[in-house]
Amino acid sequence: MAKKFLDYKDIKSFTRVANYRVDIPLDYIVESLNRYKKDYNLDMDPDFQRAHVWNEEKQIRFIEFILRSGQSSREIYFNCPNWMGLRNVGPMVLVDGKQRLEAIRRFMADEIEIFGGYKMSETDRRCWRVSQTLKFNINNLATRAEVLQWYLDINDGGVIHTSKEIQKVRDLLAAEK
């Protein structure tokens, strides 16, 4: 039996990309998050996020990767209904990037050492202040169901999540529908 031809229009697209993108230098990450918490009631730990999974070694490796100008894994995704609309109102929610942001927060707070024993306070920040950034992507999806679907679009292909972690979000999405 011959296979049916796969037509492009039969392929369901992912959730639309964030409509706002900005590069945030590493030394402004924590300040930016604090501003989002104050102004938009940012939830850094929504119920669909997986539990803390990065140990300190993985956090150190990520910070060293960034400081060496590694380019992947620099995208952080948020959602805030009506973002860039007539009223910038929350709540804002972190959709993807929790582990990376926690590693940066710990480094900026001098809680972890990099490159064999250096804390952030012992590094020359001038060499990476502007060139080392994360890209914050802020979408303006209107419903929780859309946000849960976006999380699944981002994390259910190529990113290592357990089937239990993915099922948890599928169950949350089913409950929203």
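Some points to look at:
- Here the Karplus relation 6.51 cos²θ - 1.76 cosθ + 1.60, evaluated at θ = phi - 60°, turns the backbone of region 67-78 into coupling constants of 5, 8, 6, x, 9, 6, 6, 9, 8, 10, 10, 10 Hz, with x for every Gly and Pro.
- The chain, relative contact order in percent, only Cα pairs under 8 angstrom and at least six apart counted: 32
- Listed by chain and number, the lysines whose C-alpha is less than 17 Å from the C-alpha of Lys119, apart from same-chain residues fewer than 8 away, are Lys58.
- Binned Cα-Cα distance frequencies in the chain - 10 Å width, integer %: 9, 33, 32, 18, 6, 2, 0
- Database remark: amide H of Ile114 closer than 5 angstrom to the amide H of Lys119 (H placed geometrically; neighbours at sequence offset of 5 or more, or on other chains; Pro and chain starts carry no H).
- Given charges at beta-carbon only (K, R positive; D, E negative), |dipole| of region 17-142 in Debye: 360
- Calculated FRET efficiency for the pair Lys164/Asp23, C-beta based, R₀ 35 Å, to 0.05: 0.50
- Neighbour-limited loop hits for chymotrypsin sites (Phe, Trp or Tyr not before Pro), region 1-63 (at most 14 other Cβ within 10 Å; DSSP other than H, G, I, E, B): Phe5, Phe14
- All lysines inside 28 Å of Lys3 as judged from Cα atoms, apart from same-chain residues fewer than 8 positions distant: Lys12
- Near Val95, the amide H atoms lying under 5 Å from its own belong to Tyr77, Phe78, Asn79; only residues 5 or more places off or on other chains count, and H is placed 1.01 Å from N.
Throughout, read-outs are computed from the coordinates displayed, never taken from laboratory work. Owing to the predicted nature of the structure, the values given are computational and were not obtained by experimental measurement. Note that we place each Cβ from the backbone using ideal geometry, even for glycine, and neighbour counts take in every protein chain shown.
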